[in-house]
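Written out below as structure tokens is the structure these notes cover.
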Amino acid sequence: MTELNLLPLSGIAVIVIGFALRFNPLLVVTSAGLVTGFAVGIDFVDLIVTFGEKFMNSRQLASFLLILPVIAILERYGLQQRAKAWVAGIKGATTSRILSMYFVVRECSAALGLINLAGQAQTVRPLLAPMAIGAAANQYGDLPQDVKDMIGAHAAACDNIAVFFGEDIFIAFGAVLLMDAFLKENGIAGIEPLHIGLWAIPTAIAALIVHLFRLARFEAKIRAEIARCQQQQSEEEQTPSNTNSALKEESL
């Protein structure tokens, strides 16, 4: 019986420790790959060549980096402010409605394979989050920073969840092809990418219903958070006045 070699799993330990210590994710993943390569006896030069080949084969994944300078220039010239002003002129625009509409469009576009049509850098930070915050500001006035952060987090979640459940419907998506190849390699025949995409539709519909229900309740959560922040602020303002009055009584 051959002994089980656990050294190739040392890369997992590097990832766990690196993320636990909050090191740079790119540095952690690269280090884990190097450790795993050395553990299985790959030469350093061959390991670097493998890194280069994998990067060249998936270099389109880094294409979004080209968009970041354009987004930065647009934000510098007031893209977020224009988005807020545009929302302010729309009657009936609420945070929940804006996020719900984006979720539906994003999931449908991901199902058609248009995954890079939007994203965190392209649309969420410069457009969706400011529009959602602007809609809430039109209703409730100046918003506390905690409320703004909460709205921004929900905007980011809309994009992540919609893409996650929508992209599996597209039969040419990498994860679908990977599942199909895995099933065939393990002797499971009769399953095509089309079948995987069709079975992903009920899950995507369920995710759509659940998230739209959450967003429908989001307005109440915003009001409750604003009330909590206002109450906390009033208590903080009253505490110094009570302290001053107590000091005055002691001095008398």
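The values are calculated or read from the model by the stated rules, or taken from the named source; none is laboratory data. What you are looking at is a predicted structure, and each value in this text was computed from that prediction instead of being measured. Cβ atoms come from the backbone with ideal geometry, glycine included; neighbour counts cover every protein chain shown. Note: areas computed on protein heavy atoms with side chains; ligands, DNA, RNA excluded. Shrake-Rupley method; radii C 1.70, N 1.55, O 1.52, S 1.80 Å.
The table below gives the values:
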read-out: CD proxy at 222 nm, helix term only [per DSSP H run n ≥ 4: -39500 (n - 2.57); per residue of the chain; nearest 500]; value: -24000 deg cm²/dmol
read-out: Under 30 Å, Cα to Cα: Lys pairs in the chain, sequence gap 8 or more or different chains; value: 6
read-out: LYS54-GLU236 pseudo-label distance in nm [points 7 Å out on the Cα-to-Cβ vector]; value: 4.6
read-out: Taking the chain and dividing mean pair separation by its residue count, relative contact order in percent (alpha carbons under 8 Å, at least six apart); value: 16
read-out: Cβ-based charge dipole, the chain, positive-most Cα from MET150, LEU21, ILE191; value: MET150
read-out: Net charge contributed by nearby residues that have their C-beta within less than 15 Å of LEU178 (K/R +1, D/E -1); value: -3
read-out: Gaussian network model of the chain, springs between alpha carbon atoms under 10 Å - residue of CYS108, CYS158, CYS229 with greatest fluctuation; value: CYS229
read-out: Cα gyration tensor, the chain - rounded (a/c under 1.5), prolate or oblate; value: prolate
read-out: Accessible solvent surface per residue of the chain, calculated while the other protein chains remain in place, 1.4 angstrom probe, Å²; value: 67
read-out: Accessible area (Å², 1.4 Å probe, nearest 10) - SER234; value: 40
read-out: Efficiency of FRET from Cβ geometry, TRP86 and ARG217, R₀ 22 Å, rounded to 0.05; value: 0.25
read-out: Potential extension, ASP43-ALA181 segment - 0.36 nm per residue separation minus Cα distance; value: 46.8 nm
read-out: Total charge dipole magnitude, the chain, about the Cα centre, Cβ charges on Lys, Arg, Asp, Glu only, Debye to nearest 20; value: 840
read-out: Karplus-derived 3J(HN,Hα), 6.51/-1.76/1.60, for each residue of region 17-24, Hz, glycine and proline x; value: 5, x, 5, 5, 8, 6, 7, 4
read-out: Among LEU26, LEU183, LEU117, residue whose mean-square fluctuation peaks in a GNM of the chain (springs only between Cα atoms under 10 Å); value: LEU26
read-out: Most mobile listed residue (ALA172, ALA111, ALA189) in the chain, GNM with C-alpha springs under 10 Å; value: ALA189
read-out: Surface share of carbon and sulfur [accessible, 1.4 angstrom probe, percent] for region 100-252; value: 64
read-out: Charge tally in the Cβ shell below 14 Å around LEU198, where Lys, Arg are +1 and Asp, Glu are -1, LEU198 excluded; value: -3
read-out: Tensor-based shape of region 1-50 (alpha-carbon gyration tensor, a/c under 1.5 rounded, otherwise prolate or oblate); value: oblate
read-out: Backbone N under 11 Å from the ALA227 label point (7 Å along Cα→Cβ), restricted to region 124-144; value: none
read-out: Cα gyration tensor, region 115-168 - rounded (a/c under 1.5), prolate or oblate; value: prolate
read-out: PHE173 accessible area, 1.4 Å probe, all protein chains in place, Å² to nearest 10; value: 40
